Amino acid sequence: MLNFTIDELRKTRDLARLRSTLKEDGYRARINVHTGTCGVGSGALKILDTVMEEVKRQSLKNIEVATSGCAGLCSREPMITAEALGLPPVKYIDLNPEKIRQIIQEHFLQGKIVEKFALGDIPFFNLQVPRVLRNRGAIDPENIEDYIAQDGYEALYKVLTQMTAEQIIEEVRLSGLRGRGGAGFPTAEKWEEGRKYKRFPKYVICNGDEGDPGAFMDRSVLEADPHAVLEGMAICAKTIDSHEGYLYVRAEYPLAIKRLNIAIEQGKKLGVLGKNIFGTGFDFDLWVYPGAGAFVCGESTALMYSLEGKRGMPRIKPPRSVEAGLWGQPTVLNNVETFANIPQIILKGGRWYSSLGTEKSKGTKVFSLAGAINNIGLVEVPMGISLRSIVFDIAGGIKGGRKFKAAQLGGPSGGFVPESLLDTPVDYESLEATGAIMGSGGVVICDQSTCMVDAAKFFTNFCVEESCGKCVPCRVGLQVLLKKLEDLVEGKGEEGDIEFLKNLGEHIVKSSHCGLGQSAPNPVLSTIRHFREEFEEHIRDKHCRSLQCAALIRFRVIEEKCKQCGLCYKACPAGAIAWEKKQPARIDLNKCTKCKSCIKACKFWAIE
Amino acid sequence: MGTDSPAESKLDLAQIEQICREHEGRKGDLLIVMQKIQALCGYAPQAALPVVSRYLGTTSSEIYGVLTFYNRFHLSPRGKHTIRACRGTACHFKGSLEILEKMREHLQMGPKQDTTDNALFSIEEVACLGACGIAPVIMVDEEVFGKLEPETAVEIVARYEEAEKGKEG
């Protein structure tokens, strides 16, 4: 087989660009349906079917129908991007088959933007700096040519033909890139170490075991732009002289796994991955390993044991993985987002990358925003932006006019940031000082209906379930922590419980073996630190201000607050509420099943 | 779980052997081999362990250790459809527990039961499906459903039930 050359890469790139340019005598318009997991889960495939039907039914030969990954604004899916000659690109949101038919008629046939379905000019997109996400929603992740059209595999060609390993490491060092999995270890340093050990074979591993509940950055990147990650891995492979790479991806992400496999196959077929890449004699083969559902496998040593077909239990470091990783061989493991950053750093230079950010945290960071906010989705922001700006400008503030209570960062290893610390800039060190962590980038926003004690219990329960059981503080300590939190939620809290939780939590942090145990008490410690009064209320007053903990709710209507609207009466499945027009409602406690339907229905916090 | 389940007698040991043969001598492929076997049988049957052990060179106890470590492996037959209810943070704050309970109630499942008596459905709680943007979420087999209420989740389960009834009739 003839090797794929740089000329062919550029020819493919130019052809793909030409193909995607709208023109009078070709495709005059393009309907791009976003089909990431969030899109599909909201009905994007039905939208795609409707578009195909209409195009066929009306023989619309000059409209191209394309699919791409997530566009970033998950809460407004299904979504399309409409491109047509003579019109600016428009994103249409919250679609259903009727709406898309109308859009085809008006936007594509009459050349008129359908304002009422269009996404306006919102800060959600304006404040972002897409680097890792630069191709999101714009390319077809299942077509390598689309990636090549965006200068894909140019960086790999450059490192294979024009750069020494030292030069690559120097460029990455200049970029200031730190591990995006959460710990923030300098990437260049890790690669340097990986290169230093001269035992072969060496391995490159991409950690796609995104286990933090509330985090979906890696899924989205893998689904929307898989080649960027593969190219980053190949560049790392050249740097450390490795020829085998593994992507360990959660089995809960079937679409990401499918698209990665397609991408690897296409890359090998073309000759930009696999054997004799670009005819340079450099080989790099890749495999996708689906995880088997164990959170702890996101820890690097556990992940490697899992790849070896063993129980994923972390081991004591040193030796670090760069010295003795997979099968005891030198191994460089990085997160999805870290690898996805690499090709652009090589092409545009480390200095370009580090032009954004703070002193110690350079470039951009991808966050997944979820919870009680208006704009849920995936965002990429420059390091140093304030949390407040993320919550109130980009995420559009709290939904339904409620009040912000806390931002949860870093999942079960992270913590809660209260309103008073919202001006904290997003960088590794500043976030850690608040008791939270940068983490992998999952941010869940809580409004006043989230009980902080219940939230602490939720995460502790998660860690109890996911503890591998190897060391005592984590295995047993977390269970004791959980039992105490359960007592609090059930109204059985006693004086001294807060100190007990704090003490035990700190001991677990100090004495646990791996990252999971060392960080598992963080959610408890940070809620006590910032929301101590809620713990005190649960213990002393047997009161839950968020009306979450059923055992602490009296189920009594506060007559002064009751607007006599009858919503609670209609919502009650047990027939326990008596109400008549212009009369406050009354709850019959003998019939009440404490299901909280009335509390959810009441818009005025009139039930306590 | 009943050992008299028809699934156990239907096991295709020849196919299990075929899977193992492709990975002969490669201990490290244990997870992949067991995932393939589970895809074939719907669960990880005990009868497969000696076969896997023979081909891969791992002891049965090691295999058992691995199977019980990872959430995705099941030692008893599963329902035809797997419902994965997301219990991640975003879903939790948006009422995923209630959705889970309502689905279990609809399927008449006891507190510790994870598979329905008619073996049509298994329910699993998963840490996070990573579709927080459309929370609360469930996944039926490989299909994701989002922005759910307890009622709509039950409707989705009911649709699968209907489809199964259609197949019988």
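Just so it is clear, none of the values below were taken in a lab; they were calculated from the coordinates. Note that the structure is predicted; figures quoted are calculated from it, not measured. Counting neighbours? That spans all protein chains shown, and the Cβs are built from the backbone with ideal geometry, glycine included.
Key figures
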read-out	value
Amide H contacts under 5 Å for A:R178, placed H, 5+ residues apart	A:T187, A:K362
Listed residues A:V336, A:A370, A:A294: farthest to the positive end of the dipole of segment A:273-403 (Cβ charges)	A:A370
Within straight-line cross-link reach of A:K362, lysines at Cα separation under 17 Å, skipping those fewer than 8 residues along the same chain	A:K190, A:K348
Cross-link partners of A:K268 among lysines (Cα-Cα below 23 Å; sequence separation of 8 or more within a chain)	A:K11, A:K158, A:K202, A:K238, A:K258
Over chain B: Rg over Rh, Cα atoms, Kirkwood Rh	1.02
Simple Cβ-charge dipole of segment A:364-447, Lys/Arg +1 and Asp/Glu -1, about Cα centre, in debye nearest 20	360
Nearest-20 debye value, the protein assembly as shown charge dipole, Cβ charges on Lys, Arg, Asp, Glu	600
Net lengthening on full extension, A:A578/A:N96 (0.36 nm per residue, minus Cα-Cα)	169.6 nm
Calculated from backbone phi, Karplus (6.51, -1.76, 1.60) coupling profile of segment B:37-48 in Hz, x at Gly/Pro	5, 5, 5, 6, 9, x, 7, 9, x, 4, 4, 7
Stretch gain in nm, segment A:K112-A:M52, where the contour uses 0.36 nm per residue and the Cα spacing is subtracted	19.5 nm
A:D393, A:D423 arranged by Cβ crowding within 10 Å, fewest neighbours leading	A:D423, A:D393
Rounded FRET efficiency, nearest 0.05, which uses the C-beta distance separating A:D588 from B:A39 and R0 of 45 Å	0.30
Selected from B:L107, B:L148, B:I83, residue furthest toward positive end of dipole (segment B:81-168; charges at beta carbon)	B:L148
P(r) histogram, all alpha-carbon pairs of segment B:6-69 included - 5 Å bins from 0, percent	4, 20, 36, 26, 12, 3, 0
Sequence-separation-based contact order of segment A:364-447, relative, with Cα cut under 8 Å and 6+ spacing, percent	36
Net charge over other residues, Cβ less than 14 angstrom from the Cβ of A:K269 (K, R count +1; D, E count -1)	-3
Relative contact order computed over segment A:229-288 (Cα-Cα under 8 Å; 6+ residues apart), in percent	38
Tilt relative to chain B, helix B:13-22 - C-alpha long axis, 0 to 90 degrees, to 10	80
Rounded FRET efficiency, nearest 0.05, which uses the C-beta distance separating A:K158 from A:D25 and R0 of 51 Å	0.90
Percentage relative contact order, segment A:452-541, counting C-alpha pairs under 8 Å, at least six apart	38
Phi to ³J(HN,Hα) by Karplus 6.51 cos²θ - 1.76 cosθ + 1.60 over segment A:175-185, Hz, x for Gly, Pro	5, x, 4, 10, x, 8, x, x, 7, x, 6
Environment charge at A:L481 (Cβ cut-off 12 Å; Lys +1, Arg +1, Asp -1, Glu -1)	+1
Vicinal HN-Hα couplings computed from phi for segment A:485-490 (Karplus, 6.51 cos²θ - 1.76 cosθ + 1.60; Hz; Gly/Pro x)	5, 5, 4, 4, 5, 8
Test item: B:63-70 mean partner chain Cβ contacts at 10 Å	4
Cα-centred dipole magnitude for segment B:6-69, charges only on beta-carbon of K, R (+1) and D, E (-1), debye, nearest 20	60
DSSP bridge pairs, chain B: antiparallel proportion in percent, nearest 5	55
Anisotropy class of the protein assembly as shown from Cα gyration tensor, a/c 1.5 cut	rounded
Among beta bridges that DSSP assigns inside segment B:81-168, antiparallel share in %, nearest 5	55
A:K542 paired with A:I316, simple spin-label distance in nm, labels 7 Å along Cα-to-beta-carbon	4.8
Rounded, prolate or oblate (a/c below 1.5 giving rounded, otherwise prolate when a/b exceeds b/c) for segment B:129-169 by Cα gyration tensor	oblate
DSSP-defined beta bridges in the protein assembly as shown - what % are antiparallel, rounded to 5	55
